Amino acid sequence: MTRHLPWILLALAGAACLGVVASVRGEPVNALWIVAAALCVYLVAYRYYARYIARVVVAVDPARATPAVRRADGLDYVATDRRVLFGHHFAAIAGAGPLVGPVLAAQMGYLPGTLWILAGVVLAGAVQDFMVLFISMRRDGRSLGELIRMEMGAVPGTIALVGAFMIMVIILAVLALIVVRALAESPWGLFTVVATVPLAMVMGGYTRWLRPGAIGEVSVIGVVGLVAAILLGQSVAASASLAPWFTLTPVALCVGLIGYGAVASLLPVWLLLAPRDYLSTFLKIGAIAALAIGIVLLAPPLRMPALTDFAATGRGPVWAGPLFPFLFITIACGAVSGFHALIASGTTPKLIASESDAAFIGYGAMLMESAVAIMALVAACILDPGIYLAMNAPAAITAGDPVTAAAAVSAMGFPVAPATLTETARQVGETTIISRAGGAPTLAVAMAEIFSHAIGGPAMKAFWYHFAILFEALFILTAVDAGTRAGRFMLHDLLALAVPRFRDTRGFAPGLVATLLCVGAWGFFLYQGVTDPLGGVNTLWPLFGISNQMLAAVALLLATVVLFRMKRARYAAVTVVPAAWLVLCTGTAGVMKLAHPDPAIGFLAHARRFAEAAARGEVLKPAKTLAEMHRIVLNDRIDAGLCALFLAVVAAILVYAVRACLAVRRLDRPSVSEIPPSGATA
Amino acid sequence: MSALWRRLAQTARLMVGQPDYDAYRRHLAEHHPEREAMTRAQFFREREAARYRGGSGRCC
């Protein structure tokens, strides 16, 4: 009992903090209540639930040799200190997702997002990450696709592979869209980001020829270069002759980004990708740590209400749709992210030294990512809601001008003066902040607010804003580059099923074709998002959320099948409950995006509206010609088709999972395809 | 203190896909003394290429 006492106190403290967060109305709540509540929840969940899953549900066996021990080679399979591995795993799972989703979800107030992030991570997200890590660890570190093939069969394996490729395409498109929204018409931002390309190449040359392996040195050079680029960017933006070169329209930036993606992913990795990866990884960790310290030091009050009217009406300007199911797909990373199943079955299981480390790494790192999501939510909610909405509402609502934007946002019940909007833009060194959807600029304004309080005061706001934009753009570009390569290899696997020539991943022609197909796929959705009158985020983010949560459902269904095969079905609720919830959310959201009669929500309703108008020869805004009208209709139908595809993938995997569980229930002994413990050789 | 520094450096390197070179040398010496070990630079380049060879990439 005495050993549980501190934990009981911690749980009570957490409950008290959550009570404050949930019950205070009318006066601003301090952000630290949310942070403290979240920390208590994480610690208690880790101490009890993670330990329960590890020791009772799957019964990890510290004596059993892990792949890192059994197949040790000093390269891919290396028994690694668990603290070192935690850092590796966290750096691999945490990206732009946990920073962007919560910012978009803030339109419903801070309460729904906070509760979903906390409940989601404890019961679904961290469970998924740990279970996939465990399953892969017992099978030589195989990948998710192979695990599904081994435990559920070849057909669901291929279905999951197709699903994973489509998710990759949507993720890349939505990430690229965030970069476009942040850098369009922003010469300062675009210059600093463009400057990272030659900077990374200098770093690449340094590690290639001068000092191979000197990552620390070259990263210091890189960071100095980045700061110089930000400072230089200010002069470029102020220069009448240089600024126009870096002031691009969204469409021009979109075309540039697609071209960049194709070229960058064909260059040797040491030249651009690897050195920029150092910068983006270290900057990401540094910025997250700085944000945490900043929030604790500043202890800002939340200016966003706990619940806004949009939570009830489902007609928010940032994204349309009711709280259920759309909140649960808007916040994916941070609560539960299917993409982690690919990471947890990637390099991490090959590096685990002992099975008893798996809960710390799998469950623990996901809790840490959830903390990042909480901080992003807090950051969005400390801003004046009027500024938040003016930044995130699409141009169709704000009309892009401070006066019209202030009027539109004030009409929503969040009064804001046009002067406030222009003044905020001036402070962060931009000409406008209106309709900069996508989450990244909002987060950058909040980070500038927090950081400038600690270092530099208001004079440094513009620097910190562009630092935050650079940090987000940098790791998004790294993800675009690395993701295009990963997508290309997935495509090789899939195409090889039909055309065996594609098995040759090193050949020039198959490589080029697969790369162009991959870039073309995400480029299509990016272009569609950039030219979308509703800002693109409204279309692409739900597709991303649905696909990501769908993959999480697939991973949890796999975990359920494995529990049945282990003859541990009595504990299956641990994975069945979150899997059922995710199937329900993605299923409902998918059907709504497909068939909802409101054109703001349903793709087909939107298509019908434009098709009928086009048939009458009418041109609806934002289209200017009939040809554009037809393109909008086509885009809507493609999006609807994608939704239907995602629904079909979940349904198919669900059927296969249920069939597999029923079949193994009839067996009288375990039927897993684990590597037996006796297979251990040094 | 130096142990902590070493572990931090090791964490930072593994975050960008570079495992510990000393551990690799130790493994070869113990299990495959007949094989010639890669130099530090070769090891770095081999791991750099391996990090982006297919696989799952990074999260969103």
Checklist line | Tally, over region A:226-265, of residues that are within 17 Å of A:Leu172 (Cα to Cα) and out of contact with any helix residue (DSSP H, G or I) (no Cβ under 7 Å at 6 or more places or on another chain) | finding: 5
Check: If you take the residues of region A:606-632 that are buried (at least 19 other Cβ atoms within 10 Å of the Cβ) and under 14 Å from A:Thr539 (Cβ atoms), which of them is farthest from the chain's Cα centre (by Cα)?
Finding: A:Phe610
Item checked: Residue list for region A:265-287, filter: over 14 Å from B:Met15 (Cα atoms), in a helix (DSSP H, G or I) and either of a type in the set (Val, Ile, Thr) or facing chain B (nearest Cβ under 7 Å) (or both) -> A:Leu273
Next item on the list: Test A:Phe502 against the criterion of being part of a helix (DSSP H, G or I), touching a His at 6+ places or on another chain (Cβ under 6 Å) and either surrounded by 20 or more Cβ atoms within 10 Å (Cβ to Cβ) or aromatic (Phe, Trp, Tyr) (or both), and give yes or no.
Entry: yes
Next item on the list: For A:Leu133, indicate whether it is part of a helix (DSSP H, G or I), within 12 Å of another protein chain (Cβ to nearest Cβ) and crowded, with 24+ Cβ neighbours inside 10 Å.
Entry: no
Checklist line | Qualifying position, being among the small types (Gly, Ala, Ser), without any contact (Cβ under 8 Å) to a residue 60 or more places away in the chain, more than 29 Å from A:Val513 (Cβ to Cβ) and outside any loop (DSSP other than H, G, I, E, B), among A:Ser235, A:Ser219, A:Ser241 | finding: A:Ser235
Next item on the list: Test A:Thr539 against the stated conditions and say whether it is in a helix (DSSP H, G or I), within 30 Å of A:Val127 (Cβ to Cβ) and not hydrophobic (A, V, I, L, M, F, W, C).
Entry: no
Notebook entry, point to check: Just checking, how many residues over region A:392-406 are more than 27 Å from the chain's Cα centre (by Cα), more than 10 Å from A:Ile433 (Cα to Cα) and buried (at least 17 other Cβ atoms within 10 Å of the Cβ)?
Noted result: 2
Check: For region A:91-138, which residues satisfy the criterion of being under 30 Å from A:Tyr571 (Cα atoms), among the small types (Gly, Ala, Ser) and at pLDDT 95 or above?
Finding: A:Gly113, A:Ala119, A:Gly120, A:Ala124, A:Gly125, A:Ala126, A:Ser136
Notebook entry, point to check: Listed residues A:Tyr42, A:Tyr49; which is within 13 Å of A:Gly364 (Cα to Cα), buried (at least 22 other Cβ atoms within 10 Å of the Cβ), among the aromatic types (Phe, Trp, Tyr) and out of contact with any Phe, Trp or Tyr (no Cβ under 7 Å at 6 or more places or on another chain)?
Noted result: A:Tyr42
Margin query: Against the condition out of contact with any helix residue (DSSP H, G or I) (no Cβ under 6 Å at 6 or more places or on another chain) and within 20 Å of A:Arg181 (Cβ to Cβ), how does A:Val409 come out, does it pass?
Written below: no
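Rundown of residues vs (1) surrounded by fewer than 24 Cβ atoms within 10 Å (Cβ to Cβ); (2) assigned to a helix (DSSP H, G or I); (3) without any contact (Cβ under 8 Å) to a residue 24 or more places away in the chain; (4) touching a Lys or Arg at 6+ places or on another chain (Cβ under 8 Å), yes/no style:
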position: A:Gly520; (1), (2), (3), (4): yes, yes, yes, no
position: A:Gly529; (1), (2), (3), (4): no, yes, no, no
position: A:Ile546; (1), (2), (3), (4): no, yes, no, yes
position: A:Ala553; (1), (2), (3), (4): no, yes, no, no
Margin query: For region A:101-110, check the following and say yes or no: at least one residue is crowded, with 24+ Cβ neighbours inside 10 Å, within 11 Å of chain B (Cβ to nearest Cβ) and outside any loop (DSSP other than H, G, I, E, B).
Written below: yes
Note to self: Condition first: touching a helix residue (DSSP H, G or I) at 6+ places or on another chain (Cβ under 9 Å), closer than 20 Å to A:Gly97 by Cα and within 14 Å of chain B (Cβ to nearest Cβ). Can you find one or more residues in region A:288-299 that meet it?
What the structure shows: yes
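The values are calculated or read from the model by the stated rules, or taken from the named source; none is laboratory data. Remember, predicted model here, so these are calculated numbers, not experimental data. Note that each Cβ is placed from the backbone with ideal geometry, even for glycine, and that neighbours are counted across all protein chains shown.
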